[in-house]
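A.B. asks: Below are the structure tokens for one structure; questions will follow.
Every number here is computed from the coordinates shown, using simple stated rules; none is lab data. Worth saying up front: this structure is predicted, and the values here are computed from it rather than measured. Cβ placement follows ideal geometry from the backbone for every residue including glycine, while neighbour counts extend to all protein chains displayed.
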Amino acid sequence: MNTAISILDGKSVSALGQGTWYMGDDPRKRTDEIKALRTGIDLGMEVIDTAEMYGDGRSEVLVGEAIAGRRDKVFLISKVLPSNASRKGTKAACENSLKRLGTDTLDMYLLHWQGRYPFAETVEAMLELVKEGKIRSWGVSNMDVPEMEEFYSISGGNTCAANEVLYNLSRRGIEFDLIPWCGKKKLPIIAYSPIEQGRVLDNSALRELGEKHGVTPAQITLAWVLRMPGVLAIPKAGSPGHVEENFGALSVSLTEDDMEILDENFPAPGRKVPLEML
């Protein structure tokens, strides 16, 4: 079980963090969502991942409220939209995110996906933001091997600190080439939608393994993602109980037989698969 990973200059964080996609959209859920994030922080799930895209900034505002008074216990990640990823646009977007989050610094700032602006422009802006102390590190999201190689060919591009991509039992394409590539570079992977937004949980094998271990299918699914060294999972949870369920995945130990059953039901890729996104 991979319970912690080195994500920045040797800094170790829990391999299980918190995602916030779709959080902050419904005012009726606001109190529970803030309690959920704070519960995760209290449990040691210090990585919180958000983005300016999520709810047009509403997720960042929610996160800002949740981490108020606890900022020193959080590893905070946000993302810039490709449409804002010019040199000037990246810096302006970062300033806006910082205001919504109520903080002076991001621990990591990611390019959300590839857009029309040259990577070199975005990298230049990221490096300037690091020098200015607005961000501690920068990275990317939804980038496959060719894009990563392009980043690494740019001056300063090899300071990229992480790649956030879709990864779960039903989306294993990155195992063929991207995970090995990142492994060689010692580049952490942040796995978003690690339980496929719940769509895999009706699988009979997952239910049976959950019964065997006395846990839920979601915990089996998360434990499977967490088996991989250098991978940080960021499931979303909208209530304290859901967060506690996710946290329980850290205590699940899958056996070789369990892994064989999961491989049979969710086969590993035997060839290159185009990078998937949600």
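A.B. asks: Of all residues in the range 163-206, which are touching a Cys at 6+ places or on another chain (Cβ under 9 Å), part of a loop (DSSP other than H, G, I, E, B) and aliphatic (A, V, I, L, M)?
C.D. replies: The answer is LEU187, and nothing else.
A.B. asks: On to the next question. Only one of ALA92, ALA66, ALA36, ALA51 is aliphatic (A, V, I, L, M) and in a loop (DSSP other than H, G, I, E, B); which?
C.D. replies: Going through ALA92, ALA66, ALA36, ALA51 in turn, the sole match is ALA51.
A.B. asks: Name every residue in the range 123-162 that is touching a residue at least 24 places away in the same chain (Cβ under 8 Å), part of a loop (DSSP other than H, G, I, E, B) and either under 18 Å from the mean Cα position of the chain (by Cα) or on the phi < 0 side of the Ramachandran plot (or both), in order of residue number.
C.D. replies: LYS134, ARG136, SER137, ASN142, MET143, ASP144, ILE154, SER155, CYS160, ALA161, ALA162 - these are the residues of the range 123-162 that are touching a residue at least 24 places away in the same chain (Cβ under 8 Å), part of a loop (DSSP other than H, G, I, E, B) and either under 18 Å from the mean Cα position of the chain (by Cα) or on the phi < 0 side of the Ramachandran plot (or both).
A.B. asks: Looking at the range 7-58, which of the residues that are touching a strand residue (DSSP E or B) at 6+ places or on another chain (Cβ under 9 Å) and among the β-branched types (Val, Ile, Thr) is surrounded by the most Cβ atoms within 10 Å (Cβ to Cβ)?
C.D. replies: The extreme case among them is THR50.
A.B. asks: Okay, moving on. Restricting attention to the range 130-158, which residues are closer than 21 Å to ALA51 by Cα and of a type in the set (S, T, N, Q)?
C.D. replies: If the condition is that a residue be closer than 21 Å to ALA51 by Cα and of a type in the set (S, T, N, Q), then SER137, SER141, ASN142 are the ones that fit.
A.B. asks: Hey, another quick one. Going by the structure shown, is GLU260 free of Cβ contacts under 8 Å to residues at least 60 places away in the same chain and closer than 19 Å to GLY44 by Cβ?
C.D. replies: no
A.B. asks: Provide a single number: the residues in the range 1-22 that are part of a strand (DSSP E or B), under 13 Å from the mean Cα position of the chain (by Cα) and not β-branched (Val, Ile, Thr).
C.D. replies: Total satisfying the criteria: 4.
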